[in-house]
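Comments concern the structure below.
The values are calculated or read from the model by the stated rules, or taken from the named source; none is laboratory data. Predicted model only: the values in this text are computed from it and were never measured. We place every Cβ from the backbone using ideal geometry, glycine too, and count neighbours over all the protein chains shown. When the accessible area is computed, the model is the full protein with side chains, heavy atoms only, and any ligands, DNA or RNA have been set aside. Shrake-Rupley method; radii C 1.70, N 1.55, O 1.52, S 1.80 Å.
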Amino acid sequence: MHRRTLTPDPPDPPPDAKVAIIIPFRNRQDHLKHWLFYLHPILKRQQLDYGVYVINQHGNGTFNRAKLLNVGYVEALKEYAYDCFVFSDVDLVPMDDRNLYRCHPQPRHMASAMDKFGFKMPYGAFFGGVVALSGEQGLLS
């Protein structure tokens, strides 16, 4: 399942980024409702041209997050010329608007300080949860 949602009234001038938010998903409806409830207002206030893609894995096999992210990337590009991709776990919601859902010159780890870990990294090599990458940062179209 995937959804595409643009801001209802694009700002003037148009946004400088077209952002696809890709969520790997399986059996987490309550988390998804919470994510949508809190994230849509934040994304609208950030005046983004954005689409949300919820990529669902059916069955009871091992959850394959990486494959779902790849599928989401390919499906999003079939619908729109996105230049920024935010890969987000469905259970991670920012505390406020300061975490900008945009791409930067370098890949951006957007979930580096989480309340459930006392606002510290759970381990030194952690790079996941919510990550922003531009098309030029290693993604192939």
> In square angstrom, rounded to the nearest 10, how much accessible surface does TYR80 have for a 1.4 Å probe?
Replying inline: 60 Å²
>> What does the charge count around GLY61 come to, taking other residues whose C-beta lies under 12 Å from its C-beta (Lys +1, Arg +1, Asp -1, Glu -1)?
In response: +2
> Residue separation times 0.36 nm, minus the C-alpha to C-alpha distance between LYS44 and LEU77: what's the value?
Replying inline: 9.8 nm
